[in-house]
Amino acid sequence: MPKVTVAELQDFIDGVPFVHDLGLRIVEVEDGVCRGRLPYQPRFAQSYNLVHGGVTASLADTMAYMAHATLNGITRDTVTTNLTVTYLHAASEEALNAEARVIKNGRKVLYGEVVITNDAGTRVAHATVTYLRLDYQPRG
């Protein structure tokens, strides 16, 4: 059973001004997995009227943290150390759906992946995210 609910995660991100401004909605949680939806806003468009890559990267980073929280609860001692986003298909004036999954839930390092799709199911991006737990205590 997840350590957090959809409502708890939504309350948490609504308290982070940048993420709140994006309008991200948490849809579903299970152990190590979080699904969310980012409704399209015209201000997301870059000069070619496509969703700006920074919006997609922010979605990936936030959703990976949400998946981590399903296993570890909401923490304030976890920071992103690496975010790699591969853009697979342009998104234009459309909502984005994200499914984040924890691959490794280590004592020091957390690693996850995020698949971002449009409503037609086309993969828009794939991301991998690494987090460091700042409260890490070495063995011994």
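Brief remarks follow.
- Qualifying residues in the range 39-76 (those that are charged (D, E, K, R) and not in a loop (DSSP other than H, G, I, E, B)) - the one nearest to THR128 (Cα to Cα): ASP61
- The range 2-38: number of residues that are in contact with a strand residue (DSSP E or B) (Cβ under 8 Å, 6 or more places away or on another chain) and either under 25 Å from GLY54 (Cβ atoms) or surrounded by fewer than 16 Cβ atoms within 10 Å (Cβ to Cβ) (or both): 17
- Yes/no for ALA91 being surrounded by 14 or more Cβ atoms within 10 Å (Cβ to Cβ), modelled with pLDDT of 95 or more and within 13 Å of VAL29 (Cα to Cα): no
- For the residues ASP21, ASP11, ASP77, the requirement of being in contact with a Leu (Cβ under 6 Å, 6 or more places away or on another chain) and free of Cβ contacts under 8 Å to residues at least 60 places away in the same chain singles out ASP77.
- Options VAL115, VAL85, VAL129: the member that is touching a residue at least 60 places away in the same chain (Cβ under 8 Å) and outside any helix (DSSP H, G or I): VAL129
- Every listed requirement among (1) at pLDDT below 95; (2) hydroxyl-bearing (Ser, Thr, Tyr); (3) in contact with an Asp or Glu (Cβ under 6 Å, 6 or more places away or on another chain) is met by THR75 save one, (3).
- In the range 95-119, the residues that are under 17 Å from VAL27 (Cβ atoms) and either more than 18 Å from the chain's Cα centre (by Cα) or surrounded by fewer than 17 Cβ atoms within 10 Å (Cβ to Cβ) (or both): ALA95, ASP119
The values are calculated or read from the model by the stated rules, or taken from the named source; none is laboratory data. Note that the structure is a prediction, hence the values are computed from the model and not measured. Cβ atoms come from the backbone with ideal geometry, glycine included; neighbour counts cover every protein chain shown.
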